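What follows is a short report on a single structure.
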Amino acid sequence: MNNLEKIVKNCSKCPLKDGRTNVVFGSGNVNADVMIIGEAPGKNEDEQGLPFVGKAGQYLDELLAIANLKREDVYIANVLKCRPPSNRNPRAEEIQACAPYLREQTAKVNPKVIVTLGNFATRFILKNEEGITSLHGKPVQAGKFTVYPVFHPASTMYDPKKKTALEKDFANLKSLL
C-alpha cells in the first residue's frame, strides 16, 4: 500500500489538490475482512490526514462496536482522497480522478465485505443510481465482494430517524462476517 499512498499524496489530477491540507488516503488493517468506504474527507479529516476522525467518525466507532468490530479490524477509505470545498458533493470528474486509487486499495485489501456509507460510495461501488434509502441494510453481490450499503453516519446528525436504521444495519453486519 505504501507505493500507492505515495502516488496519491502527490496527486494533481483535479483542482481539489489546491485546497487540501492533507490527502486522506485511508487507514486500518490492510488484511481486513471488512472495508468501509465513505464519500470524501471533511474538515477534521483534511486537517489530520485520516478518515473519519470528526463527529461522524466517533459515531462510526460506536457503530463498529455494535458489529463487534474495532477500527483496527477494518480498513477505511473514501471515494475522494481530498476534501471538496465547504464539504460540497463530489463532482463526476473528481470521482473519476480518484477512482483508480480506490479500486487499487480495494484490490489490495481484498475484503469479504465492503460497507458503503451513503449514496456516493454506494453508487460508485454498485455502479447504479439507486438511492441509499431503498438499498440500506441489503447485501448485494458485486463480483467477488459482498457490498453492504448503509446510511452515512453524518446523515444521522441531520435526520435522527436514520440512527435506528443505521444501528440495526450494523447489528446485522455481524451475520455477514
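Couple of notes before you dig in:
- Those residues of segment 29-65 which are out of contact with any Gly (no Cβ under 8 Å at 6 or more places or on another chain), of a type outside the set (D, E), in a helix (DSSP H, G or I) and farther than 14 Å from V115 by Cα, in sequence order: Q48, K55, G57, Q58, Y59, A65
- Condition met for R103 (in contact with a Gly (Cβ under 7 Å, 6 or more places away or on another chain) and of a type in the set (D, E, K, R)): no
- Once segment 70-88 is narrowed to residues that are in a loop (DSSP other than H, G, I, E, B) and without any contact (Cβ under 8 Å) to a residue 40 or more places away in the chain, the residue that is most open to solvent (accessible area, probe 1.4 Å) is K70.
- Lone unmet requirement of (1) buried (at least 20 other Cβ atoms within 10 Å of the Cβ); (2) in contact with a helix residue (DSSP H, G or I) (Cβ under 7 Å, 6 or more places away or on another chain) for D169: (2)
- Scope segment 2-42; condition open to solvent by 20 Å² or more (accessible area, probe 1.4 Å), aliphatic (A, V, I, L, M) and within 25 Å of N68 (Cβ to Cβ); matching residues: V30
- The residues of segment 1-25 that are assigned to a helix (DSSP H, G or I) and either of a type in the set (D, E) or under 17 Å from E93 (Cα atoms) (or both), listed by number, are E5, V8, P15, L16, K17, D18.
The values are calculated or read from the model by the stated rules, or taken from the named source; none is laboratory data. These numbers were taken from a predicted model, which means no experiment stands behind them. Neighbour counts run over all protein chains shown; Cβ positions are idealised from the backbone, glycine included. Surface accessibility is based on the protein's heavy atoms, side chains included, excluding ligands, DNA and RNA. Shrake-Rupley method; radii C 1.70, N 1.55, O 1.52, S 1.80 Å.
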